[in-house]
């Protein structure tokens, strides 16, 4: 069902919700934290989170170069911290209402869990650091990687992946599937891609969201055993199937299971369309999810938050970006 059909079925007093999107690893950029340090309390917050993460998040987000922050163990807590800074500002100005839909891509699900009231910011940072470390460790067990397959017919892409022993890791929609597996198989895919596709190797350390991350999933699941999870206070979408999660414990279990399972962002986008959202607001480091929304939800307003200017002086539900 498309968004317009849903709107037609709504009562006249219905107010379309907005969706807040939390990006994942790969969205980080050198210096991305710098403009946010001017906001009151941000430096103090980053100092506290740095202790939880076991790394200097402020330095990494302001002075580190791209080669340092591409490290999985660094990128994951850094991206979550960046998103949480903006999320706190949205909460402070009242942008988040009881019907605001929250969704996160991959590690962004930890920031989304905070936005939905499932876990605390401190728990999200600590878990992001653990997740990054255990996934980085798992990457060292086999020579694996990831590539983006752009265009083509999905059915033909999946047949080719099966032939090569590769696995879909992210169904991003908008004609993009990220695939993962052994390096030699990825090279074979690049040399003989499915009809009508372009294959782009990604600069990542391993085959995330596949069985190659089994050891990481086991260790992460152990780490979340003592985390207190509240039931969501606003709609929370799961990467597993694009459905709303109503149990806090289920939300955490899904985040753990997702380490070895594909991200179904395409299904999340379908749910946003059927929910008749009026706008999507992407938390920093923003851009990737807004780009998907531009293609998949062309009639929905878009607001990527890249600096505090976007947050403090813009109408978040206004014209698209």
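A few points about this structure:
- Residue 284 vs. criteria under 13 Å from the mean Cα position of the chain (by Cα), at pLDDT 95 or above and part of a loop (DSSP other than H, G, I, E, B): yes
- Verdict on residue 267 being part of a helix (DSSP H, G or I), in contact with a strand residue (DSSP E or B) (Cβ under 6 Å, 6 or more places away or on another chain) and farther than 18 Å from residue 25 by Cα: no
- Comparison of 136, 169 shows that the only residue that is modelled with pLDDT of 95 or more, crowded, with 23+ Cβ neighbours inside 10 Å and either in a strand (DSSP E or B) or in contact with a helix residue (DSSP H, G or I) (Cβ under 8 Å, 6 or more places away or on another chain) (or both) is 169.
- Residue within the stretch 199-207 that is part of a loop (DSSP other than H, G, I, E, B), in contact with a helix residue (DSSP H, G or I) (Cβ under 6 Å, 6 or more places away or on another chain) and closer than 21 Å to residue 119 by Cα present: no
- Beta carbons closer than 6 Å, at least 6 apart along the sequence or on distinct chains, pair a first residue in the stretch 177-188 that is touching a residue at least 12 places away in the same chain (Cβ under 8 Å) with a second that is in a helix (DSSP H, G or I) for 177/157; 179/161; 185/164; 188/164.
- Total residues in the stretch 91-121, condition outside any loop (DSSP other than H, G, I, E, B) and either without any contact (Cβ under 8 Å) to a residue 12 or more places away in the chain or out of contact with any helix residue (DSSP H, G or I) (no Cβ under 7 Å at 6 or more places or on another chain) (or both): 3
- Within the stretch 290-307, restricting attention to residues that are assigned to a helix (DSSP H, G or I) and in contact with a helix residue (DSSP H, G or I) (Cβ under 8 Å, 6 or more places away or on another chain), the residue that is farthest from residue 75 (Cα to Cα) is 296.
The values are calculated or read from the model by the stated rules, or taken from the named source; none is laboratory data. Values in this document were obtained by computation on a predicted structure and should not be read as measured data. Note that each Cβ is placed from the backbone with ideal geometry, even for glycine, and that neighbours are counted across all protein chains shown.
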